[in-house]
Structure formats: C-alpha cells, structure tokens
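Engineer: Sharing a structure below in structure tokens format, with a few things to ask.
Please treat every number below as a calculation from the coordinates, not as lab data. All figures in this text were calculated on a predicted structure; none of them were measured in a lab. Neighbour counts are summed over all protein chains in view; Cβ atoms, including those assigned to glycine, are modelled from backbone coordinates with ideal geometry.
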Amino acid sequence: MPETRTLPVRRTRRRIVAALAAASTLAVVTGCGAADMTRQASPYADAQGAKTVTLSVQSWVGAQANTAVAGYLLEHELGYRVDTVQVDEVPAWDALSQGRVDAILEDWGHPEQQKRYVEDKKTIVNGGDLGVTGHIGWFVPTYFAKQHPDVTDWKNLGKYTDQLRTPESRGKGQLMDGSPSYVTNDKALVKNLKLDLEVVFAGSEAAQITQIKQFAKEKKPFLTYWYKPQWLFERVPMTEVKLPEYKEGCDADPEKVACAYPHTPLQKYLNARFADDGGKAAGFLKKFHWTVAEQNEVALMIAEEKLSPQQAAKKWVERNEDVWRPWVR
Amino acid sequence: MTSTTTPVREPASSSAPRDTKPPTGGSSPSPDGSSPRRPGSRLPFRVGRRVLPLAVAAAVVVTLGVLFPGAGSWPGALAVDLSGPLGRAGDWIIDHRDSHPLFLYFFGHVSNVVVVSVRAVYVVLLAAGWTGVTALAGLVAWRLAGVRLALTSMAAFAVCGLLGMWIPTMQTLALMVVAVAASVVVGGLLGLAAGLSPRTERILRPVLDTMQILPAFAYLLPMVLVFGIGVPAAVLATVVYAAPPMARLTALGLRDADAGVLEAAASLGATGRQRLLTARLPLARRQILLGINQAIMMGLSMAVIASVIGAGGLGDRVYQALASVDVGAALAAGIPIVLLAVVLDRTADAAGARLGSHPPQAAEQHFLRRVFAGWYGRLLCLLAVVAVAVAGRMLGTSQWPDSWKVSLAEPVNRAVAWMTDHLYSGVPVVGGTADWAARFTGWLLDPLRSGLQASPWWLLLLLVGAIGVLVGTRRTALTAVLALAAIGVLGVWEPALDTLSQVLAAVAVTLVLGFAISIGAARSARAERLLRPVLDVCQTMPQFVYLIPVVALFGVGRAPAAAAAVVYALPAVVRITTQGLREVNPAAMESARSLGATGSQQLRQVQLPLARPALLLAVNQAVVLVLAVVIIGGLVGGGALGYDVVLGLAQGDLATGLVAGAAIVCLGLMLDRVTQPATKTKEA
C-alpha cells in the first residue's frame, strides 16, 4: 500500500529535479551573456606565453613562400609565435572575418567576398599590395610551342586536338584545370570560343603539378590552365596561349565570358580588429611587399629543393636583409 | 526497418587491428557488432543466385547502352533544383552569424566550450612535456595491456618526436581527446535511449545511418558556415562521424543483456534505474568499450579530413605537404597518425579483453603489478608521471629536442621519383603504369560509364529493383529503388552514374586482388602475419599521403582515383575473406582431404562455398569503402560527385556540396541494399 502512494511523489520530485536541472543548464549557457562569433581564436594560440599571429596559407607554393617569410620575420625579428592554417580561399575569407585567421597575404580577387566583408560588414580591411601581379591563362609547354609556333593562338588550337587527347578527354583535346578552389572561366571559354576541348579537372594543384611534370618528362604536348607567378615555370618552361584580349568587364557574366583573364595586383587582407590593435605585427604585415623574383626564389626552395618553408625562409632572410629591414622597422 | 546496415566507414578504421580479438560471434568484423551474432552457416543460397544476376544485369545495361545511345538521362521535369534555397540558407547564416540570438546564445557558446576544452588538454600536454606524455602513455598501456604494449606505445611517441612532429601530434591528441570524449557521451546517451526503448531505436536508426553514410566533406561545409574554420567545426564534425558506432554498440549491449540476470535483478525488487546501473550497464560493458574504441579510430581518421577546414595538427601537416607535392613530408606526418591509431586500438582492445577475464590471484602476480594494483596504484602511476614530467622540465627538455630529429622526406621522395621514372612508361612486356591506367580507363571505365549514362533511367530503376529482390527482400529492393530515384530528383543523375561506374570498376579490382591475396593468406599463417602490418598501414594511413604517388604513377583522371580506392578498401576485404576461409569447419576440410581432394579442389568445392557469408560481406564492404574514397578521388581528377563535394567546400557553395553529398548517400544506400548479405535482411 505505501508503495503506491510514494511512487507518484517520487515521480513528481524527479520531474521537479529535471526541470531545475534543465533550467540551470539553460541559465549557465545563456547566463554568461552573448558569445561573439567575430572573436574566435585558435585553442593552440598563445599556448607558450608568446603572442600569436595566425596566418592563412593557400595551397599553392607562392602563398606558402609569403607566409613562410612573414612568419619567420615575425618570430625572429618581432618575437611573435606564428600559427599557420591551410585553408581554401573562400573559407579563408570567412575565417578572416571571424578572427580565426589574422591575415591573408595573397588574394587573387574575390569581388563577392570583398563586398560582403570589407564594404558591408567591415570585419576585414585591405592590407595593401603584395607587390606581385598575378595572371591566369592557358599554357602549352615551350618545347611544343617551338615545334608548332602557331599553337600559341587560340584560333589554331583546333588543329592540335588530336595531340592533346588523353583517356579522360572523351575524344576531344584535353584542357587541364586545377583545384576546384581556383578562379576559372574555362568551361564557359571553351563553349563560347567553340573549341573542341574537354576541361578535365585535376582536382588539386598537387595532382596538376605532378601530371605536368610527368608530361614534360616524356616531352608530350599538353594544354593547361596555369598562372603566374609560379615556380614550376623554372622547371617546365611554358608558353602562354593567346586568348581574345581582356577588356574591363568582359568577364562580368560568367556564362558569356569569351576573353582572357586579367592581370591582378595581388592583395593582402587583414582582420579589421587585428589591423587596429595588432601592434607591430599588423604594421609589419601591412608593409610586407616584395617582387615576383623574390617570391619565386623562396617558392623554388620549398617545392624543388624540398626545404621546409621555415628553412627556405631562413635562407632567404639571411641573404636579403636590405629587402626586409624596412618592413620590421 | 529493413536491417542493420553495415555502416559505411566503420570497418575502415575499426577492423584494422581487430583481428587480434575476433568480435563476439567470431565470424565477421562488422564493428557495429550486430552482424557477428548472426550465425553464418545456414545460408540457403548458391553463389550463382547472386553473382549471375549481377553479371546479366551488367551485360544488359552495356548492350542497351550501345543499342540506344542518348536515350538515358533523367527527365528534367522530375528534378528539383535546390541551389536557390540552399544558397539563400548559406547567405542567411553568414549575414546573421554575428547578430542572431541563435548564434550569440547557442552556437557561440558551443564553439567556446570546445575551444576552451581543447586548449585545456593541449596546455596540459605541453606542460607534461615529452617526458611526461611518453611516461603516461607507457604506464597506461602497461596497466591495461602489459609490458609489450607499454614499450610499443613509448616507442611510438618517441617516433613522433623523432620525425619532428611532436607539437602537431600533441595538437591532434588534444583535439582527439575532446572529440572522442564528446562522441562517447553523445553516442552513449543515444545508445542508452535506443537500448531502453525500441521505439526510440526505430526513430534513431535512419538518423545514425545517414550520419555514417554522408561523406564527411559534405557536412564540413555547413559546420564551417556555422562555426567558421578551425577546431570547433572539426571537433563537431568528428562527433557526427564517431558517435554512431558508439550509439549502436551501447544499444546492442543493453538489448542483449542476459535475460536471466535481469529477471533475477527484477525479482530481487530492483527498480528500473537500479537494474540499469547494476545489471544492464555492467553487462554491456564490453560492447561499450568496443564503442569507445571505434570512436577513437574514427576520430583519428577524421583528424586528417578535418585539416581541410583548418583543424591544425598532424592532418594539417599532411595537407600542407600535399600542396608542395612533397610525399616525404606527408609521410612524416602520416606515420604518427598510423602509430597513434595502432597504439590506441591495441590498448583499448587489451582493456576489453581484460574485462572478461578474472585477474590472477594476488600472490601469483608480479611484484610490480601488485604495487601498482588498485586505486592507490592508479595514484602511484599518476605521481610517477608527474615526477617524470617535472624531471623532464628540470632538465630543460619539455619540448622534443631539436637535435633528436631524423628527416624522412628526402629518401622517400627519391624512392617516389625512382618509381615514377621507371614504372610510368616503357616497362618491357607488361607496359608502364600509364598504359595500364589508359587501358583500365578505356576498356573498363568508359564502357561502364557510357553504358550506364546511355541506358534509360526507368530501366536502371527496374534493374536495381530486380537485383534488390533477388538479393534481399522486397523492402530492401524498394529502398534501393527509392535511393536511386532520389538521385535523379536531386538533379545529379549523370555525375552520379559516372561515380557509380568508377565505384563498380574499383570494386571489381578490389575483389579480384582481395580474394587472390586472402586465399594465399588463409593457407599460410606466416603470410598472414607478414600481411597484417601492411594492412594496418593501408587502413590508417591518411589517403592524402598517397595521392601524389598514385597521380605520378597513373596520371590525372579516374584511374588514380580507383587506385586510391583499392588501396583503402583492400585491407577490409582481405581481412574478412581470410577470416571466413579460415573458419570453415575443420571437419569438412578434413573429410575433403581424406577423400583425396587436391588443394584447388578443396578451395573451390569446400572452402569457398562454406565461406560464402564472409565473401558476401566482403563484397558489401568493398562497395561501401570504395564509395567512401570517392571524394578523395575528386582531388586527383576523378570528377563527378567527389569533385562537386570538394568544389562546394572550396567555393563555400552550400548547394553544390550538399546536393552531391546527398547523392553519395543515396548511392551508398542503394549499393548497400543490393549487396547486403541476405542473412541479415532475412533476420531483421
């Protein structure tokens, strides 16, 4: 008999306890106020006492070279700890706006992101020119261009589709594209210029470089999407194929593009908050400015001599004090 | 509900060194623990019933494709374009992330909690220094598994340091500790709910299925949109990935608890909660521990994938090495991942094995063991570790000393260069790897793809339905057909069929190689012993490490993608098949031998037929694991759905990525249902 009476009591008590627990959890979660999604640092930052700067590295070696040298100088001349995060370009912009990353050192132009973060939300600011001008284009190996000088004009590409055929190109000539993260209009270009080419995506820059080197070793003809500045030109000389000339705004509609890619002065971007109170590090990153030759020197050490980015940066820094001295002042 | 799905990615990580301890039922390595209980010996099927229809189906498809070119493709009227709403959803998140209460009061705090916990673990690990961490690893392994494993795990940590990977290893470890703890809690709670209430279980099962089949890349993007790149998104993605096996195993343990014991507990007047805490949970201990082990292994395999969204640590090193086409450096970061996986797995295994056995009498134990037994033993261990850590710090070597590093990169890169120089083309008689790749693409992939893409959509649906009925039940057939139809509705019919053709071709290669290897391994214990570490490495080595070598050997395209998939799926197939062949009833083998059957007769007429359940499971696993590598294939020119998922992530394009991810889920579901060994479907 007592059993039946205590049971409901116990149940209600349990319910009250549960409700209290839920309420207190909610209070704990919400009670500490709003969390700021624009202030999100890495858990590995500042772990050893030093102030940390987090730099984003993109997948190409040129971007690695920038980060390596900037990182080396930040660590050895300015006493910061440097974290690097490898991430694709568009997510990197997002990370920059949230403060997970403090700076992007080489941006190839993302008008949509610029509008959203720099103009509208003001969470990112432009950090000035990197000093390097980038250019995307179609390239054939120079040994091939020497044999057939007319291949360097897009109008004559049709003659060579037979030689450009691969198992992946569905009977057409192969135009090899790279990583899905890169800016490309190639599919539209092939269609609008009525070329008998198939765009084959290598899927990553690493795969593309490996394939280019393999082709070059065999002296095989190939046609590829590629970009300057790039260290691979030192190893596999390539000649650009002339596309219809670039005019301001001719690439406005991605479906109707029928012109070459522009020449883009590459930009640096900083997290707005970091740019204001990042102290010496922010000042240094704004001043960081070098040439194509200098970038390639470091990139080549990383990619070909297989030095770690840190070692390559160290070598370059030792040789070029007059270049970087003004940056750290 | 049709059946217990054999989860897509589990065996990848799980079955790795599992062979030291056959799971409960002994016949199958399916780690969700459901299949091992199914007795495999009463299968009324003949091989022909399953293989023949597939062969016929393939023949019909190819013929039709040749006869009616261009009749394929899904009708546009039946497709739904999701890019509009999904794109808007992505934009909404980005625009409201800094202001909406949902983010300010919920996601923001979740993110902060994750960051704070990972940071706490990381700081402790750094404070312990390499001496402390290594000592701790050794002592824990020693307590749980004995001296041999203790030495192994200390050596493993030393190797991480030697390779110059100490800091990244600690970062990965910190991330793993938090992610695995969260997975165990989440999975445990879900499992508790599912184990106690059949209704909850029915609701949860499709959710868990989706969590496991959905390729990680596809949900990385929503995670990134909500949490931004970095550790919180990585940890939460890992939880999504690693919690399901924990939930499944916990539920299984609870459901299978010995009825007699529960009866006894009930008759003693125990309340529901008492019964749960004192009888059911302790009885389910083994399964729960296996679940934790699974969570660890899956978490580690996620560590690399998560590097794509900036999780840092070892995965990031592998990924950065990939960017500079540096196989040696990628390997140097990949080895610690393999070592961590092997050490953690073996330790958890040993702990699981100890649970069942009785400890030997105190007097028989070794002196040291007696000293370290019990709770004060644990305390003693902790003190010892602290002492070692402090000693390390006092000697000024909390970081791994720079002078104790070896560089692996150069010899490895030389080896890779030699391989590509000498094997790519112009090898006499057999031809170079480039020729093989071209032939594989031209003779197998292309006809398959054009056949599939050219055959009418309704015919493919019919075909899948027919195979489903032949293999399983009507219900499985219906699921498979609906899954395939969903792909059409999503508007990715053509790329999905392209992916399907790649999966089928890669599975064919995997099975041929896998069966050949396992027949050898099943005959010679020595061969199997030699094979085991190779298989361990194949399964736990991050695929990013071998992407460059496969491209260097096979060129850009679908062939290297298939090669990567074969490397990944082969170990599971070899393990399952070898075990299946081994466990063939010895009496049957003996009688065959006594009747004078030759080796090949024994194999064909006794071993293979009797091992059929294992072979079927191997087929299923091959399909499902190959599909898991489809995304990676997108990085080497595989194109199709894998590329779309990568593209979605790289361009922050929610629609492309999620739709392609969903299509992969549907493909997985369809393939799983039409290859699922019939025992499971029958019993479900």
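Engineer: Calculate the dipole size of the range A:214-311 relative to its Cα centre from +1 charges on Lys and Arg beta carbons and -1 charges on Asp and Glu beta carbons; express the result in debye to the nearest 20.
Structural biologist: It comes to approximately 200 debye.
Engineer: In nm, to one decimal, how far is the B:V185 label point from the A:Q310 one, both placed 7 Å along Cα→Cβ?
Structural biologist: 3.4
Engineer: For the charge dipole of the range A:230-329, defined by +1 on Lys and Arg C-beta atoms and -1 on Asp and Glu C-beta atoms about the Cα centroid, which residue among A:P326, A:M238, A:A303 has the Cα displaced farthest towards the positive pole?
Structural biologist: A:P326
Engineer: In addition: Could you tell me the calculated FRET efficiency between A:K191 and A:A252, based on Cβ-Cβ distance and R0 = 22 angstrom, to the nearest 0.05?
Structural biologist: 0.85
Engineer: Also: Taking the number of other C-beta atoms within 10 Å as the exposure measure, put B:F227, A:F233, A:F288 in order starting with the fewest.
Structural biologist: By the 10 Å Cβ count, ascending: A:F233, A:F288, B:F227.
Engineer: Further question: How long, wide and thick is chain A, going by the Cα atoms along their three principal axes, in whole angstroms, largest first?
Structural biologist: 101, 57, 38
Engineer: Taking a threshold of 22 Å on the Cα-Cα distance, which of the pairs A:K191/A:K213; A:K155/A:K217; A:K213/A:K315; A:K122/A:K256; A:K122/A:K268 fall above it?
Structural biologist: As for pairs spanning more than 22 Å Cα to Cα, those are A:K191/A:K213; A:K155/A:K217; A:K213/A:K315; A:K122/A:K256.
Engineer: With θ set to phi - 60° and the Karplus curve 6.51 cos²θ - 1.76 cosθ + 1.60, what are the ³J(HN,Hα) couplings of the range B:306-317 in order, to the nearest whole Hz, using x for Gly and Pro?
Structural biologist: 5, 5, 4, 9, x, 6, x, x, 4, x, 4, 5
Engineer: Which residues' amide hydrogens lie under 5 Å from the amide hydrogen of B:I229, considering only partners 5 or more residues apart or on another chain, with H built in the peptide plane?
Structural biologist: It is A:A95, by chain and number.
Engineer: For A:K306, go through the aspartates and glutamates and keep the ones whose alpha-carbon is under 17 Å away, minus same-chain ones fewer than eight residues off.
Structural biologist: Within the straight-line limit of under 17 Å, A:K306 reaches these aspartates and glutamates: A:E205, A:E234, A:E297, B:D326, B:E410.
Engineer: Over the range B:425-561, what is the mean sequence separation of C-alpha contacts under 8 Å (at least six apart), divided by residue count, expressed as relative contact order in percent?
Structural biologist: Relative contact order, the range B:425-561: 31 percent.
Engineer: Another question, if that's okay. Measure off 7 Å from each Cα along the Cα-to-Cβ vector at B:V124 and B:A587, then give the distance between these two points in nanometres to one decimal.
Structural biologist: A separation of 5.4 nm, rounded to one decimal place.
Engineer: Can you list the aspartates and glutamates whose alpha carbon is less than 17 Å from that of A:K51, not counting same-chain residues fewer than 8 positions off?
Structural biologist: Cross-link targets: A:E75, A:E77, A:D83, A:D102, A:D276, A:D277.
Engineer: Can you give the FRET efficiency for A:K155 and B:A387, using 1/(1 + (r/R0)^6), R0 = 51 Å, r = Cβ-Cβ distance, to the nearest 0.05?
Structural biologist: Using R0 = 51 Å, I get an efficiency of 0.05.
Engineer: Kirkwood Rh, the range B:497-606, all Cα pairs: how many Å?
Structural biologist: For the range B:497-606, inverting the mean 1/r across all distinct Cα pairs yields 15.7 Å.
Engineer: Something else about it: Around A:V57, what is the net charge, scoring Lys/Arg as +1 and Asp/Glu as -1 over all other residues with Cβ under 10 Å from its Cβ?
Structural biologist: -2
Engineer: Please list the non-local residues whose amide H lies under 5 Å from the amide H of A:K51, H modeled 1.01 Å from N, same-chain partners needing a gap of 5 or more.
Structural biologist: Amide H neighbours of A:K51: A:R81.
Engineer: Hey, another quick one. Points 7 angstrom from Cα along the Cβ direction at B:D421 and B:S73: gap in nanometres?
Structural biologist: Using points 7 Å along Cα→Cβ, the separation is 4.9 nm.
Engineer: Quote to one decimal, in nm, the extra length available between A:Q163 and A:K121 on full extension: 0.36 nm per residue of separation minus the C-alpha distance between them.
Structural biologist: Stretched fully, the A:Q163-A:K121 segment lengthens by 10.1 nm.
Engineer: Calculate, axis by axis, the spread of Cα positions in the range B:152-306 along the three principal axes, and write the results as whole Å, longest axis first.
Structural biologist: Principal extents (Cα only, largest first): 60, 39, 20 Å.
Engineer: Using only alpha-carbon positions, what ratio does the radius of gyration of the range B:582-644 give when scaled by 2.2 N^0.38 Å?
Structural biologist: So the Cα radius of gyration is 1.81 times the expected 2.2 N^0.38 Å.
Engineer: Under 1.5 on a/c is rounded, so check that first for the range A:116-228, then, if it is not, pick prolate when a/b is larger than b/c and oblate when it is not; a ≥ b ≥ c are the square roots of the alpha carbon gyration tensor eigenvalues.
Structural biologist: prolate
Engineer: For an R0 of 35 angstrom, estimate the FRET efficiency from the Cβ-Cβ distance between B:S267 and B:Y376 and round to the nearest 0.05.
Structural biologist: Efficiency, rounded to the nearest 0.05: 0.40.
Engineer: Something else about it: Work out how much length B:V113 to B:I519 would gain on full extension: take 0.36 nm times their residue separation and subtract the Cα-Cα distance, in nm to one decimal.
Structural biologist: So the chain would gain 141.1 nm between B:V113 and B:I519.
Engineer: Once you average over the residues of A:57-68, how many Cβ atoms of partner chains fall within 10 Å of each Cβ?
Structural biologist: 2
Engineer: Based only on other Cβ atoms within 10 Å, what is the fewest-to-most ordering of B:Y424, B:Y122?
Structural biologist: So the ranking, lowest neighbour count to highest, is B:Y424, B:Y122.
Engineer: Oh, and also: Return B:M211, B:M298 ranked ascending by Cβ neighbour count within 10 Å, so the fewest neighbours appear first.
Structural biologist: In increasing order of surrounding Cβ atoms, one gets B:M211, B:M298.
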